[in-house]
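Any read-out appearing in this document is the output of simple, stated calculations on the displayed coordinates, not a laboratory observation. Everything quoted here is computed from the prediction, not taken from an experiment. Quick reminder, even Gly has a Cβ in these numbers, built from the backbone with ideal geometry, and neighbours come from all protein chains shown.
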Amino acid sequence: MPELPEVETIARKLRPHLIGKTIKDADLRWSRTLAFPSPGKFRERIKGQEIKEVTRRAKYFILRLSEYSLLIHLRMSGDLFIKGSKIKPEKHDRLIVRLLAKDGGLSNLVFTDTRKFGRIWLTANPEDVLGKLGPEPLGKGFTSEWLHTALHKKHRQLKPLLLDQTFLAGLGNIYTDEALNLAKLNPLAGSDSITVKQAEALYEAVRQVLKVGIRRNGASIDWVYRGGEFQNYFRVYDREGKPCLVCGTSIQRIVVGQRSTHFCPKCQVR
Ligand SMILES: [Zn+2]
């Protein structure tokens with residue numbers, strides 16, 4: 001499942017191919033991919049919109065258009081591609097946006113999604129969708145002081161709390177496990193037991209794993225997301241039974257809140 005670094009990498013890759021292009025029309029091939037508005041209104045409103053900005057918030061890919069914003073959440077298996085002018089739609093293509101360049105050149109932005117969990121919104125008020133998200137971990141609103149206070153307001157285990165997008169936005173299973181290991185914190189530790197020093201370590205760790213993830217173009221752990229290299233630098237994720245890079249103890253895998261969780265039982269003592 002693409003997390004913040006994967007979505008950021010996709011946005012950076014696609015940006016030069018999208019900015020300044022005008023949307024000729026859109027072919028919605030699986031209507032349930034569209035969360036808002038109705039398919040009819042979607043086709044009508046998107047036509048003629050110019051792409052002003054290509055950005056990201058948490059795991060949402062965002063195209064700021066002349067009047068609207070097109071928000072795409074890739075969820076489990078979504079991916080985005082730029083393709084040439086003449087394309088034959090493929091089985092898992094859910095949305096094809098036809099683009100016109102200022103020099104008359106044509107291209108297509110294709111949203112493909114085998115498992116169909118991905119969602120799209122076209123809205124004049126992106127905050128309707130994004131408003132409930134917690135702070136952006138690489139943004140200014142996220143500080144170690146905020147994190148310490150926020151952790152103490154909750155009485156939850158660290159792992160599920162960090163996955164909660166309304167608490168902090170953008171982390172998924174991989175980067176949460178990596179950040180907790182780097183901060184030497186147990187995934188099952190109670191959020192209200194975290195000291196100021198531990199909150200500082202967690203703050204630094206979250207930012208570091210995300211930044212390294214972006215630098216490595218994200219992590220490619222399955223056939224969905226390609227081209228990333230961060231999987232070669234995992235400290236704990238997907239390393240069950242392998243030695244901890246710090247102390248040599250076998251990495252353990254447990255299930256927390258139905259999510260597979262990897263940690264070093266020695267470095268991350270509860
Ligand atoms: Zn260790």
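What the table below lists for this structure:
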quantity: Residue with peak Gaussian network fluctuation, the chain [Cα springs, cutoff 10 Å], from Gly78, Gly228, Gly105; calculated: Gly105
quantity: Within a Gaussian network of the chain (alpha carbon springs, distance under 10 Å), most fluctuating of Ala179, Ala199, Ala35; calculated: Ala35
quantity: Alpha carbon convex hull of the stretch 84-207, volume per residue in cubic angstrom; calculated: 159 Å³
quantity: Kirkwood Rh and Cα Rg combined as Rg/Rh, the stretch 9-117; calculated: 0.92
quantity: Karplus-derived 3J(HN,Hα), 6.51/-1.76/1.60, for each residue of the stretch 203-214, Hz, glycine and proline x; calculated: 4, 4, 5, 4, 5, 5, 5, 5, 5, 5, x, 5
quantity: Long-range HN-HN contacts of Ser250 with modeled amide H, under 5 Å; calculated: Cys244
quantity: Whole-Hz ³J(HN,Hα) from phi, Karplus 6.51 cos²θ - 1.76 cosθ + 1.60, for the stretch 28-42, glycine and proline x; calculated: 8, 9, 9, 5, 6, 5, 7, 8, 7, x, 6, x, x, 5, 4
quantity: Dipole magnitude of the chain, debye to nearest 20 (Cβ charges: Lys/Arg +1, Asp/Glu -1, about Cα centre); calculated: 420 debye
quantity: Under 15 Å from the Cα of Lys153 - aspartates and glutamates, other chains or at least 8 residues apart; calculated: Glu145, Asp164, Asp192
quantity: Principal axis dimensions, largest first and in whole angstrom, of the stretch 195-270 by Cα; calculated: 36, 28, 27
quantity: For the stretch 53-141: rounded, prolate or oblate by the Cα gyration tensor [a/c cutoff 1.5]; calculated: oblate
quantity: Helix-only mean residue ellipticity at 222 nm for the chain, each DSSP H run of n ≥ 4 adding -39500 (n - 2.57), per residue, nearest 500; calculated: -8000 deg cm²/dmol
quantity: With Cα atoms, 0 to 90° folded angle of helix 4-18 axis to the chain main axis; calculated: 20 degrees
quantity: Calculated diffusion of the chain, Stokes-Einstein form, Kirkwood radius summed over Cα pairs, 10 °C and 1.306 mPa s, µm²/s; calculated: 81 µm²/s
quantity: Other-chain or far-sequence residues with amide H under 5 Å of Gln157's (modelled H); calculated: Ser191
quantity: Estimated vicinal HN-Hα couplings, Hz - the stretch 86-94 in sequence order (Karplus 6.51, -1.76, 1.60; Gly, Pro = x); calculated: 9, 10, 9, x, 9, 3, 9, 5, 9
quantity: Burial ranking of peptide ranges 67-74, 146-153 (average Cβ count within 10 Å, highest at the top); calculated: 67-74, 146-153
